[in-house]
Amino acid sequence: MGSTEHSSEQNNAAETQRSECLSSNSTLFYRIFVPVFGTVFFLGFVLALNLIPEDDLYLPFPAWWARVAVIIILLGWLFFVKTTIWLLKRVDATSEHFFVTNYWHTVRYPWHDAEQITESKRLGRRLVHLHLRAPGRFGRVISFLPARHYDELMKNFGIREN
């Protein structure tokens, strides 16, 4: 009987410490699929234009213009991915800690390390930014797409009052 009581106490403790996902499930799509698909698409375009002989392209202008333009578009895409999409993280939380992952590494931070929480809109999507007191593994600002129940979870954790 003593072991049953002990295991139920462990189950209750595990349930209270179960983490909730603060970030949207679409984060994986934006973080992994979009950059990979876009990069493969543009890289295929660059290779096609550079491997096909100029006489077979049938362009109304010199082929090197198209080749240079597509390389510039690829570099612009890579810059866009690095400065926006690649910064998105997945964030899970308990009432005491939040967990940040880039799908390869996961870091745990106590809530008191979050100095400020701000929001912005980019490309029609709501973004949440956790500003840390000191830079961590993922930098000083952690950006993520919030889940639908994000506001409710933050109230439950006692982080937000509104």
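The values are calculated or read from the model by the stated rules, or taken from the named source; none is laboratory data. In this text, all values refer to a predicted model and were calculated from it rather than measured experimentally. Here the Cβ positions follow ideal geometry from the backbone for every residue, glycine too, while neighbour counts run over all protein chains shown.
List of remarks:
- Taken as a whole, the condition of being in contact with a strand residue (DSSP E or B) (Cβ under 6 Å, 6 or more places away or on another chain) and surrounded by 13 or more Cβ atoms within 10 Å (Cβ to Cβ) applies to residue 144.
- The number of residues in segment 76-99 that are within 16 Å of residue 30 (Cα to Cα) and surrounded by 14 or more Cβ atoms within 10 Å (Cβ to Cβ) comes to 11.
- Residue within segment 71-86 that is under 30 Å from residue 46 (Cβ atoms) and hydroxyl-bearing (Ser, Thr, Tyr) present: yes
- Residues that are in contact with a Leu (Cβ under 6 Å, 6 or more places away or on another chain), β-branched (Val, Ile, Thr) and in contact (Cβ under 8 Å) with a residue 40 or more places away in the chain, drawn from segment 21-58: 27
- Any hit, segment 75-82, residues being out of contact with any His (no Cβ under 6 Å at 6 or more places or on another chain), touching a residue at least 40 places away in the same chain (Cβ under 8 Å) and under 22 Å from residue 138 (Cβ atoms): yes
- Of the listed requirements (1) outside any helix (DSSP H, G or I); (2) under 25 Å from residue 32 (Cα atoms), residue 73 misses just one: (1).
- Test for residue 86: is it under 28 Å from residue 37 (Cα atoms), of a type in the set (A, V, I, L, M, F, W, C) and free of Cβ contacts under 8 Å to residues at least 24 places away in the same chain: no
- Qualifying positions in segment 87-119 - within 28 Å of residue 42 (Cβ to Cβ), at pLDDT 90 or above and in contact with a Leu (Cβ under 8 Å, 6 or more places away or on another chain): 88, 90
- You will find that of 109, 150, the residue that is in contact with a Gly (Cβ under 8 Å, 6 or more places away or on another chain), touching a residue at least 12 places away in the same chain (Cβ under 8 Å) and not basic (Lys, Arg) is 109 and no other.
- Residues in segment 118-138 that are touching a residue at least 24 places away in the same chain (Cβ under 8 Å) and touching a helix residue (DSSP H, G or I) at 6+ places or on another chain (Cβ under 6 Å): none.
- Criterion: exposed (fewer than 15 other Cβ atoms within 10 Å of the Cβ), farther than 25 Å from residue 155 by Cβ and within 14 Å of the chain's Cα centre (by Cα) - qualifying residue of 104, 65: 104
- Just one of (1) at pLDDT 90 or above; (2) in a helix (DSSP H, G or I) fails for residue 141. It is (2).
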